[in-house]
Every structure is written in structure tokens, then in C-alpha cells.
Amino acid sequence: MRALTRSDLARFTLPEGAFRVPAGLYRVTDGDTIRLLSGQRSPLGQDLTVLRIRFRTIAAPETRKARWADAPLIAIDADPGRFCPGRRAKEMLIRFTRKRDLIVSHQGRFDRYGRLLADLSVLPEPGAPLAQAVSLERVMLARGVVDRFSTDPVPPLHPYGDNLTPHP
């Protein structure tokens, strides 16, 4: 399986099947979406996104948007969005992906918002064999922070088992 580098992301074309994204080259957008970064910055200093990826089989609740009236509450540490289910899902996904390589397995399908629909897994540590990859979809469902999105089967906990191709 090919691991993407910064130069690959700068001139990005979608690899076939599955690919590995090193830690630091992606960001969690919300509880069910991840952005691949190009390694370049916009004139305003923002990371440029080359691809948005959404879980194929799960959906996270929406995150409550902060309102101007929330500022006084936030100042006294009474943030009204603290217990938002969408925020909890995003924070859990951030925790599961922190400093871990991401494995993206896809079939080239996109949703209506232009996000790649894929199965996402992480390796427990840098240099770990692919057989140790853990399905983020399976873990997020087990933690109860997301719901099933489609009737497609959820990938197994260890989607690559002893080989390099994901289970159907």
C-alpha cells in the first residue's frame, strides 16, 4: 500500500483502492469528516485542503455552532455547547487519530457535497503492520457517538486482517 507524501498531496490525484496518509497531513473536520491537507498554505495562512473524506457507513450528529450570545457564558466556563453530541463525536475522533497514520479504503464514490465516501482505519503506532489497523467506524459505533448511515456492512474491527486488501 502506498503512503502519501507532502509532495503527493501538493499535486494530488486520488489513488485507486486504499492508501495511507501519515499523521499530520490530515485534520478532523467533525465527527464524520476528515480533510487531507496539501502541506501548503493560502495567502491568509490557512492549510489548503486537497480532499474531504466522509465515513461510508456512519454519521455523527451536527456540531452546535457558537452564537454571539454565548460569549458571556464561555467567559465564565459555562459553554452551552460543552455537551453537544456532535462535539463529543469530533473530540473522540480527534483522540483516536492523534499522531496516527490514517488508512483510507474507497471505491471512488462521492457524496453530494463532494466528499469521498471511504472506510477509515488507523494504525496503533508508526511503523505498525497493516494487519493491526483498527476501523474507526467500528470504534466510533462501539462508543455510541455516531449512528449507522447506510445499509452497507460496517468494516470489521481489523479490516485488513492478515492480508493487504480490505474485507468486502
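The values are calculated or read from the model by the stated rules, or taken from the named source; none is laboratory data. Just so it is clear, the model here is predicted, and its values are computed rather than measured. Here the Cβ is made from the backbone with ideal geometry for all residues, glycine too, and neighbour counts use every protein chain on show.
Hey, could you check region 86-104 for residues that are in a loop (DSSP other than H, G, I, E, B) and touching a strand residue (DSSP E or B) at 6+ places or on another chain (Cβ under 7 Å) and say which is surrounded by the most Cβ atoms within 10 Å (Cβ to Cβ)? Looking at the filtered set, the residue picked out is ASP101. The set of residues in region 30-49 being free of Cβ contacts under 8 Å to residues at least 24 places away in the same chain and either over 21 Å from GLY108 (Cα atoms) or β-branched (Val, Ile, Thr) (or both) consists of ARG41, SER42, PRO43, LEU44, GLY45, GLN46, ASP47, LEU48, THR49. Only one entry in ARG82, ARG148, ARG64 is in contact with a Gly (Cβ under 6 Å, 6 or more places away or on another chain) and either among the aromatic types (Phe, Trp, Tyr) or modelled with pLDDT under 90 (or both), namely ARG64.
Under the condition of being in a strand (DSSP E or B), among the polar types (S, T, N, Q) and within 20 Å of ILE94 (Cβ to Cβ), which residue from region 3-50 is modelled with the lowest pLDDT? Reasoning before the result, please.
Within region 3-50, the first condition is being in a strand (DSSP E or B), and the residues that meet it are 3, 18-21, 26-30, 33-41, 47-50.
Still in the list and also among the polar types (S, T, N, Q): 29, 33, 38, 40, 49.
Then keep just the ones that are within 20 Å of ILE94 (Cβ to Cβ); that gives 29, 33, 49.
Working: THR29: 91, THR33: 94, THR49: 83.
Checked region 3-50; the qualifying residue modelled with the lowest pLDDT is THR49.
Out of region 105-141, which residues are among the charged types (D, E, K, R) and not in a strand (DSSP E or B)? Lay out the reasoning, then the answer.
Our first condition is that a residue be among the charged types (D, E, K, R); within region 105-141, this holds for 109, 111-112, 115, 119, 125, 137-138.
Selection gives ASP111, ARG112, ARG115, GLU125, GLU137, ARG138.
Consider PHE110 carefully, then state whether it is surrounded by 13 or more Cβ atoms within 10 Å (Cβ to Cβ), within 16 Å of the chain's Cα centre (by Cα) and under 12 Å from ILE58 (Cα atoms). No, not satisfied.
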